[in-house]
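Below you'll find the structure, written out as structure tokens, and then a few comments.
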Amino acid sequence: MVKETVTDSLPTASLSETLSFLCKIMAPNIAKGVIVRRPGVVHLAERWALDKRSVKQVQAFNNKYGKGPLLFKTPFKPMALVLDPEDANRVMEETPEPFATAEAAKQSALSHFEPDMALISHGKARQERRRLNEEVLQSSCPMHSFSAHFSQVAEQEVAALLETVRHHNNKLDWSLFIDAWNRIVRRVVLGDAARDDDPLTQDLIQLRKAANWGFMRPKRKRLRQKFHGRLAHYVDQAEPNSLAAKLSDYASQSQAKPLDQMPQWLFAFEPAGMATFRALALLCAHPAQAELAQAEADQKPQPQSDNPFLKACVLEALRLWPTTPLILRETTERTRWSQGEMPTNTTLLIHAPYFHRDDRHLEMANRFAPDIWLDPEQLKHWPLLPFSGGSGICPGRHIVLLVTSAVLAAMMRNHQFRLDPPGRLTEHKPMPALLSNFHLCFRLKQAGSVSSREGSAL
């Protein structure tokens, strides 16, 4: 419980401030695509530094209103913007009661393709579904029992990717990378038989595109049934060393809805691919950190390589450019704060870029600083939320970091990459507020053919 004296109500934004909130914070993130990104809008958002403007707007709210949270009377329902790090931590720690993950807008979007997912469930159903996710994904274990196989899959698919790159004039762009990434994801989640099942991935993308529109777009029920049928086929066949094999141990009729948890696993891996591609760009722009990453990657591959520095680079890419910039919760009861009370059914919004890039308090706000993830005690009480937090934290975070770091290690081992053009990022300038993964491009060279590391990442 908050110990400070409680006044009647929280500070409420004016009409002009509400319009600024909607235009500078909500609208750009919705336009970029909440469930599947729109490359053209992401490119414009980077070019116009819209994310920087949104951070500055939240800072202005904080400077004026203090701790907050700040209430907005929006057309649809009351919303509150979290302004204080202690309040952000509180919301994470007190999930799902009284701060539920099943927020209304999130439910409206995700129900297009995963209506029974733990993330948008309540009560006992959420408990059972969350427990299933944690058990299958082994949330409490830094290394999944299938880690050796997942690492091997990454090695194999990166080798195939690099061979393709060589046949494309040594040019690596997002389209080549995401195709290889999706093959890795399908093998990890569904098994080797799904390696080339790109139609399944495309079906999910179509469902996600509809989900971008939430309640404004009718649900594509036939496509969802077709998609779930394809998932059921892989679970029935249940290849060893896949997440589908773990899932097959659960009764299909239980309230946990085992099959309905799988779309989230496939969906959540795409942002991880975005972070991996951005981490490679960061290393290209930072030679000193690249040498450390290269040394880690050059170590003889182990069955379950830990790759702590490469994981830190991925986490830093997620700090600089969060793939979930708006973390939503919904109050299930009236809640008390230092400045007042918040009503039930209020949407609470944590703007991750604001906390990740608050240059008033964080010395490394706008620079590449992977070392902060090697010593978490440095920022123990500050809300850095690459995978959300508290009991609502992403249950697959360890698998994501395993796969992303394994992919980076395989790409960097005996290879060098250069950003194309080289000035896309530079260590001598603050990191941009947004970096479009869709518009990143690299040039590949064999390590043995390069006499100097100058200007290269690896």
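Values for this structure:
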read-out: Stretch gain in nm, segment Glu93-Asp375, where the contour uses 0.36 nm per residue and the Cα spacing is subtracted; value: 99.4 nm
read-out: Separation in nanometres of the label points that stand 7 Å from Cα toward Cβ, at Asp359 and Ser14; value: 2.7
read-out: Under the span-like rule (Cα at least 15 Å along the axis, Kyte-Doolittle mean at least 0.5), DSSP H helices of the chain; value: 174-190, 262-285, 308-320, 397-412
read-out: Candidate values (1) 69, 55, 38; (2) 143, 53, 42; (3) 155, 52, 48, label of the one derived for Cα extents along the principal axes in Å; value: (1)
read-out: Low-density loop positions, GluC sites (Glu not before Pro), the range 321-392 - DSSP coil, at most 12 other Cβ in 10 Å; value: Glu333, Glu363
read-out: Mean separation of Cα contacts under 8 Å, 6 or more apart, over the residue count of the range 218-326: relative contact order %; value: 20
read-out: Computed over the chain: relative contact order in percent, which uses C-alpha pairs under 8 Å that are six or more apart; value: 27
read-out: Label point distance in nm, Glu86-Trp213, each placed 7 Å from Cα along Cα→Cβ; value: 4.6
read-out: Prolate/oblate/rounded call for the range 365-426, Cα gyration tensor, a/c under 1.5 rounded; value: oblate
read-out: Estimated inter-spin distance, Ile205 and Lys445, nm [label 7 Å along Cα→Cβ]; value: 3.3
read-out: Fraction of accessible area attributable to carbon and sulfur, the chain (%, probe 1.4 Å); value: 53
read-out: Listed residues Trp174, Trp48, Trp382 arranged by accessible area, highest first, probe 1.4 Å; value: Trp48, Trp382, Trp174
read-out: Average accessible area per residue (Å²) across the chain - probe 1.4 Å, nucleic acids and ligands excluded; value: 43
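The values are calculated or read from the model by the stated rules, or taken from the named source; none is laboratory data. From a predicted model like this one, the values you see are computed outputs, not experimental measurements. No Cβ is skipped: glycine too gets one built from the backbone with ideal geometry, and neighbour counts run over all protein chains shown. Calculation scope for accessible area: heavy atoms of the full protein, side chains included, ligands and nucleic acids excluded. Shrake-Rupley method; radii C 1.70, N 1.55, O 1.52, S 1.80 Å.
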